[in-house]
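*Asks:* Quick one: the structure is below, and I'll ask about it shortly.
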Amino acid sequence: SVNIVAFGSERDGVSEDNQQPSLMCGYLSRSALISKINSNLCTSHAGNIVFTEYQACVFGNIKLVVHDCPAWDIFDSDWYTSHSLLGGADIIVIKYPVNDKASFQELKEIYIPMIKKTLNHSSVPAIVSAIGARKSGLPCTCPLCTSDRRTCVSTSEGVQLAKELGATYLELHTLNDFYIQKYFGGVLEYFMIQTLNHKTSEKMKKKKKMQKHNEVQPPQLEQPEKMPILKGESSRYSADLHNLLCCCQCADVVFYPEDLSTTIKAHKVILCSISPLFMLLFEVKSAADICDASIVQTAQSLFAVEAGITFSLTPNAVPPCASPARVMVKDSIFCSCLPDILHFIYSGAFQWEQLEENIKRKLMDPEKTEYVLEKVKCILKTPGKVNTVDDRRSRQMKRLHSPLRQFFNTPVLADVIFKVQGETIPAHRPVLVARCEVMAAMFNGNYLESKNILVPVYGVSKDTFLSFLEYLYTDTSYPASILQAMSLLICAEMYQVIRLQHLCELYIITQLQSMPTRELASTSLNIVDLLKKAK
């Protein structure tokens, strides 16, 4: 529908032809586009006509409603009706007779500001129609001649009024077929078409919005259970190594006292990653490499390695856990505290206060406690440096920087060889078992991998598998690209390392969100492949 509101009168009260129809009535009755016209008068309590309501059809079946208000005092007498009419208007028509200057001044000074305030900057099209022929023709511009200025409204005054309202200005010298149907009607019909187009557009937008709201939505995929990695998912690195000591899987060294009363199992690679003394003890380094006499003396005074078969890393060799190295602990006091010391080392060698408390509780002797703690300090000592209790802070930093990194992808103390794409990668069973449940089952169950040194790996590239092992050793992952992170994600899923999966997911999401469109388009990423892998 289209709603038109017309304000003002066409008659100046002086013209002889006061029986002519109004502008709006004349247009409705003469236009070929209008049909089915009905009119209804709305009067006030005093019996005065407030407005005439016309209902008709335009452009075939479009409903047209016109409210023609001849008297401006509707704004004074019926504030609610005037504001309601303006609020529902699609097009506004303002009429005034050119030969009634007084009514024009009243319109300009009182009612136009009211209309502007009610519309409140809304973009409702408006037409200002100056009706009638000026009695004396064009107004005189002589500053001494003011007679016709007092009775006629000039064209410039009408144009200025239209500008203030943002309206289209028309001069209708007479209400005949040409001025009503062709001139005024052409402009009015243009605005009606614009209004209908705007309404149709808004209706389509609303319909699409409703359809989008009501249509079947795509399934809401569940996020990974531990996606809170975005807030900093806690690492299990130290806990995994501590659990390895508790379950004693893949132990390749056994400590025992001189009386053979007890045995304590451990793992060379873990001990050597923390202590240069154990590197010396298990021949990872020589005394010349250590260059610290106190470490050499402490190793000789505390331990004696039993001579046995030397392990060689060859494909047909037997895993060293089948015949672990035997180490005798010469000092009985130190040996009684060795379980606590090993728990301290496997937990990352930074909980010094807890170790001190445990040894005090066990020995119940300050001198013996101090003696054992000094031995532990020497075990943890960095060669060539004076050791202090405050070194526990540096040991904590060392733990944070993953001491097992020095044994990543090296044959030193390695007891398993992975064969990937025809190339070999050395590794250490204790680390793999501690950090990966799938590998723990593989190396401890009734599988070929538990008895063989050489373990083939299929379906993974060498670079991807190296990145996977690097995470197991260091608890960190730095994919070089989205494609590498995607491959690493698949490998982590294959071996069920959940935290690595989440790290890869986070890397992929972050890179995709931050990558510029041009750079993203230049990569070899395929959205279908990403979707398949995400699923």
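The values are calculated or read from the model by the stated rules, or taken from the named source; none is laboratory data. In this text the structure is predicted, and so the values were computed from the model without any measurement. Virtual Cβ from ideal backbone geometry, glycine too; neighbours counted across all protein chains shown. Accessible surface areas use protein heavy atoms only, side chains included; no ligands, DNA or RNA. Shrake-Rupley method; radii C 1.70, N 1.55, O 1.52, S 1.80 Å.
*Asks:* Can you compute the radius of gyration and Dmax for the stretch 403-534, using only the Cα atoms, both in Å?
*Replies:* Radius of gyration, then largest Cα-Cα span, for the stretch 403-534: 16.1, 52 Å.
*Asks:* Right, another one. Enumerate the lysines that residue 451 could reach by cross-link, defined here as Cα to Cα under 22 Å, with residues fewer than 8 away along the same chain left out.
*Replies:* 265, 268, 419
*Asks:* I'd like the distance separating the alpha-carbon centroids of the stretch 425-498 and the stretch 257-283, in whole Å.
*Replies:* 26 Å
*Asks:* Separate question: For 247, 436, write out the residues from largest to smallest accessible area, computed with a 1.4 angstrom probe and no ligands counted.
*Replies:* 247, 436
*Asks:* Roughly what would the spin-label model give for residue 441 and residue 534, points 7 Å off Cα along C-beta, in nm?
*Replies:* 2.9 nm
*Asks:* State the Cα centre-to-centre distance between the stretch 54-93 and the stretch 287-305 in whole Å.
*Replies:* Result: 105 Å between the Cα centres.
*Asks:* Something else now. Under 8 Å for C-alpha pairs, at least 6 residues apart: give me the relative contact order for the stretch 403-534, rounded to a whole percent.
*Replies:* Details: 143 pairs, mean separation 27.0, N = 132.
It rounds to 20 percent for the stretch 403-534.
*Asks:* Which order do 263, 476 take by accessible area at a 1.4 Å probe, largest first? All intermediate terms of the calculation are to be shown ahead of the outcome.
*Replies:* Working: 263 90, 476 40 Å².
From most accessible down to least: 263, 476.
*Asks:* Follow-up. Excluding same-chain residues fewer than 8 positions from residue 206, which aspartates and glutamates have a Cα within less than 15 Å of its Cα?
*Replies:* 215
*Asks:* Further, regarding this structure: Ignoring ligands, DNA and RNA, what percent of the accessible area of the stretch 54-98 is carbon or sulfur (1.4 Å)? Walk me through the numbers on the way to the answer.
*Replies:* On the way: 940 of 1720 Å².
Of the solvent-accessible surface of the stretch 54-98, carbon and sulfur hold 55 percent.
*Asks:* Where the accessible area of the stretch 472-522 is counted over protein heavy atoms with a 1.4 Å probe, how much of it, in %, is carbon and sulfur?
*Replies:* On the way: 1540 of 2650 Å².
Roughly 58 percent, rounded to a whole number.
*Asks:* Kindly report, to the nearest 10 Å², the accessible surface of residue 42 as traced by a 1.4 Å probe over protein heavy atoms only.
*Replies:* Surface open to solvent at residue 42 totals about 50 Å².
*Asks:* Using the basic label-point model (7 angstrom from Cα toward the beta carbon), what is the residue 522 to residue 304 distance in nanometres?
*Replies:* The two pseudo-label positions are separated by 6.9 nm.
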